[in-house]
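Below: one structure, written as C-alpha cells.
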C-alpha cells in the first residue's frame, strides 16, 4: 500500500491519516466482499443446482454495495494523492500566491476542474495554511505557516530602486513586481 506524505506544509496531517485509515478499511473490506459475492454470482450462474440459482438475486444485490465500497475507497485514495500534488506545487511557490492559471499549466487541467478540486480539498480539510480566493483573479493565498516550522515563511522586501514592496519566501530570491530588479530576502 502507498504511504501518503503527511509532512507537507499545506497538508492536514490529522485529516490525511484518518483518510488513509478509512481508505484502507474500505478497499480491503470492499475487495474481500466483492470477490466473495462475485464468486457466488458466478457459481450460481454456472452451477446446475437450483439452490444457488435461487439466491442469485441476493448475491447480485450484495455485490453492488461491495463494489461501491471498493470504488469509494479507491476514490478517497486518489483525493489524498491529489492533495499531495497540490502541496508540492504550493511548497515551491516563492511569493505566496499561486494563480489558477499557474495551476492549470502545472496540472494540465481546465480552470473549472482545478477550482472544483481545490474547493473539495479545502472543504474536506485535506489542505491547510492556504485559502482559495475566487474573486478577481482566482488564486490560492499561502500563509506563513512555514515561518513557525523553519523560519522560511514569506517576507516583504522593499526594492531599493523603485521603493516597491514584493512578497517573497524568506531565504530565497525573486524580482521586484514593479521594476523587475533582482531581490533577495534575508
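Where a number appears in this text, it was derived from the coordinates with a stated rule and is not lab data. Values in this document were obtained by computation on a predicted structure and should not be read as measured data. Cβ sites come from the backbone with ideal geometry, for glycine too, and all protein chains shown count toward neighbours.
Structure above, values below:
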read-out	value
Contour excess over end-to-end distance, with Cα ends at residue 94 and residue 165 and 0.36 nm allotted per residue	24.1 nm
Neighbour-count order for 168, 45, fewest beta carbons within 10 angstrom listed first	45, 168
Helix-only CD estimate at 222 nm, as mean residue ellipticity for the chain, using -39500 (n - 2.57) per DSSP H run (n ≥ 4)	-18500 deg cm²/dmol
Nearest-ten-degree value, helix 13-46 long axis tilted from longest Cα axis of the chain	30 degrees
Rounded tilt (10° steps) of 56-92 against the dominant C-alpha axis of the chain	10 degrees
Rounded tilt (10° steps) of 111-123 against the dominant C-alpha axis of the chain	80 degrees
With 5 Å bins from 0: P(r) over the chain, alpha-carbon pairs, percent	1, 7, 13, 13, 13, 12, 9, 7, 6, 5, 4, 3, 3, 2, 1, 1, 0, 0
Hydrodynamic radius of the range 25-66 per Kirkwood, over alpha carbon pairs, in Å	10.4 Å
